[in-house]
Amino acid sequence: MPRYARSEREALADLMLERGPEAPTVNEGWTTRDLAAHLVLRERRLDAAGGILLPPLRGYAERVRLRIAARPWAELVGQVRRPPLWSPLSNPVTDELANTLEFFIHHEDVRRAQSGWQPRDLPSGLQTQLWQRVWLVARAALRRFPADLLVQAPGHGEVGVGRGGDRLRLVGSPGELALFLSGRQRVARVQVDGPPAGVERLRTARLGL
């Protein structure tokens, strides 16, 4: 059975070493060093990882992340590449569920920050795994969006979201939808149909996983 979380992790680590610690990412203001430190904190510092999602812990998490970021670059990337088996996010039981989407998105964060990038031709199995997560993300991220929105991944499925209003349609492959719904609209290759005001609102909304 393919291990897509593992392959995306390896590809991201290779790309980080190739581009160096100060390369840009799609995350505005973050370099590859910042991103690597975030990933290490997420898996290795459970005392601080809650700050990724919980505002009261955000200051502590950021202080920890900055200390992690100060480590030698090769060591830092090595910790991204080789996660601890004791982590609830990266042990053999949870790795695919917890990390396939995470590492796909962050791999693309580094790829698409450079000019001349093109979407990858992803394996069908990876697209299927991404869709299994993306439709849940769509329901969570867009449940209060002021429109009647249909999210479609041709060949995989569709989901209706939003709280009513203008009819909009968001169409793309599971990988591109994952990027769009995680707040990376400007680099996601998707199609959005509907009234212009609603389309613009969706393309500029603050979305995230």
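The values are calculated or read from the model by the stated rules, or taken from the named source; none is laboratory data. No experiment lies behind these values; they were computed from the predicted model shown. All Cβ positions, even for glycine, are placed from backbone atoms using ideal geometry, and neighbour counts span all protein chains on display. Quick note on the areas: whole protein, heavy atoms, side chains included, nothing else; ligands and nucleic acids left out. Shrake-Rupley method; radii C 1.70, N 1.55, O 1.52, S 1.80 Å.
Okay, here's what the table says:
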| read-out | value |
| --- | --- |
| Residue 10 versus residue 128: modelled label distance in nm, points set 7 Å from Cα along the beta carbon direction | 2.1 nm |
| Gaussian network model of the chain, springs between alpha carbon atoms under 10 Å - residue of 25, 128, 94 with greatest fluctuation | 94 |
| Accessible surface of the chain, 1.4 Å probe, proportion on carbon and sulfur as whole % | 54 percent |
| Accessible area of segment 55-209 divided out per residue, in Å², using a probe of 1.4 angstrom | 51 Å² |
| Theoretical ellipticity at 222 nm over the chain - DSSP helices of four or more residues, -39500 (n - 2.57) apiece, nearest 500 | -15500 deg cm²/dmol |
| The chain: relative contact order in percent, alpha carbon pairs under 8 Å with at least 6 residues between | 17 percent |
| Structure-derived volume of the Cα convex hull per residue in Å³: which label, when the choices are (i) 126; (ii) 154; (iii) 109 | (i) |
| Average accessible area per residue (Å²) across segment 1-41 - probe 1.4 Å, nucleic acids and ligands excluded | 45 Å² |
